[in-house]
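Shown next, in structure tokens, is the structure this report addresses.
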Amino acid sequence: MDAEKSSSSSFEDLSNLNEQERAELAQSSPSSAAGTSSAQPPLPEDLKKDAASSEEEGGAAESSDYMDILGNGTLLKKVLRKGLTEMRPESKDIATISYTGRLEDGTIVEEEHEAVVQIDDVEVVQGLDMALKLMNEGEQAEVVVNPRFAYGEIGLKNETDPKRSIPPNATITYTVELLSTKEESELESRTYTSRKEIGNKKRLRGNFWMKRQEYNLAIQSYRRALEYLDDTVSAGGMMESGTAPPAELTTTELQDLLEDRMKVYNNLALAQLKISAYQAALKSVDTVLKCQPNNAKALFRKGKIHDAQGDTKAAIALLQKAATVDVDDKLIQSELSKLILKSKREARNEKDLYQKMLGQAQKLEQKTKVTPPNQTTESSKLKMWGYLVGAILIGVAGVAIYRYNIQ
């Protein structure tokens, strides 16, 4: 699946999630995960006045033409007010932005004020994420985003305010202001609370992309979450020489980070399974089982991976163990029943195939035992010639004896 293109249907596999996952996905609803909160205040009037009068003040771009960012008309940007500095955000930088998204008929569907996002971490729609890297600090711009880089063929349903729902294949025009930008701080300098908060924010964003079947984007979010939830700051090269060691985490804090990481690895394994990255999915789920051998969700995930690889026997063994760990999980019971039926069907098909092959072998053996017609005809001819020669020899012998007796 194209990581930049939304799928044409809603989340296909909520049936494969247990109750805990469904609750987690509910937390990443459009109003909280997609930046569509209707409770946020509108753009201040002074900013609206600035945008309206910027052309008179000479602060607007000299040309009203849009910049074609990708060169194919799917992502356009026009400067409404020039920035105060030449500073632009780069990948992984932290940007503070205010933006309003409108449909082609002018309906406001997204609105955020002073939202904090990390560049290239798909915390806003991809089109807006890409355009931010072309804005100067303090700049206000209009960004027209094609459905491919917005909400695609699915759209986005707003449960709290249906009028703000985004229909399928909708082009969205954003008015966005880059208020500030700064580099991402070193992870080892962050507190436990900060790392846990940001890590789980990225995990929920991954759940949002999972719900939309944007599995590659989900994987990207989950991997970033793991960086923040890692309890060893030296992992992944995060510790630099000459820096002060981080504050010692308590046992409770370490356990909390571990639990959060296990959630991410389980979800990461599911996303990898969806794109048929089976070896990567096994590695993710084995990370969970190494720490928590009786993690029912991880056992279930691993069973599903083996099933996808065609190893039904191994899948059944894992789901049976998961069923003993979580006896109340109906999904595990249902999938286990399906696998057992599948195993019986495979065994029956294998038996039928064996019998068919055995029958063919027996027919071939019987055919080789039957004397060919040509061979029977040749044998008859030889016997006839044998009888004839024998008769002649007997006649010759009889004549010779007769003559001998007369003499």
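Every number here is computed from the coordinates shown, using simple stated rules; none is lab data. Note that the coordinates shown come from a computational prediction; the quantities given were computed from them, not determined experimentally. We place every Cβ from the backbone using ideal geometry, glycine too, and count neighbours over all the protein chains shown.
The fraction of Cα-Cα pairs per 10 angstrom bin, counted from 0 for the range 94-189, comes to 16, 48, 27, 8, 1 percent, rounded to whole percents.
In plain terms, the chain from I108 to K92 could stretch by 2.9 nm, reckoned as 0.36 nm per residue minus the Cα-Cα distance.
Full extension of the chain segment joining S334 with S180 gains 50.3 nm, where the gain is 0.36 nm per residue of separation less the Cα-Cα distance. For a label point 7 Å from the Cα of L70 along Cα→C-beta, name the residues of the range 173-193 whose backbone N is under 17 Å from it. Counting only backbone N, you get 173-174. Under the simplified labelling scheme, the Q355-N294 pair shows an inter-label distance of 4.4 nm, with each label point 7 Å from Cα along Cα→Cβ. On the basis of the beta-carbon distance and an R0 of 41 Å, I275 and A347 show a calculated FRET efficiency of 0.85.
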